[in-house]
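Worksheet for the structure shown next.
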Amino acid sequence: NYLDNFWPDLKAAHELFDSILQARRERESESQENNGKEYPEHLPLEILEAGIKSGRYKQGTLNVNKHRAQVEAFVRLEGFGSKETG
């Protein structure tokens, strides 16, 4: 409504808005196809749980530096008192 009422002649803004709206609709439809999950699972939950129990996989929390996200992160493993990183 804002664009229509205050900037009716600004074609580039209307095209940008339409593009954003379309991308949002596509993301919502993909999310519904994945049962509300933003990303598809790599392995089924049962396999992950079995792998954690057997020691094949480790469970932890990924912490990412918000200022240097592309180059700095670490994983805090559950069940360990100190920071074990990888």
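Numbers for the structure displayed
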{"quantity": "Theoretical gain in end-to-end length, N1 to S29 [0.36 nm per residue, Cα-Cα removed]", "calculated": "7.7 nm"}
{"quantity": "Cα extents of the range 1-40 along the three principal axes, largest first (Å)", "calculated": "41, 15, 10"}
{"quantity": "Net lengthening on full extension, K11/R76 (0.36 nm per residue, minus Cα-Cα)", "calculated": "18.5 nm"}
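Every number here is computed from the coordinates shown, using simple stated rules; none is lab data. Worth saying up front: this structure is predicted, and the values here are computed from it rather than measured.
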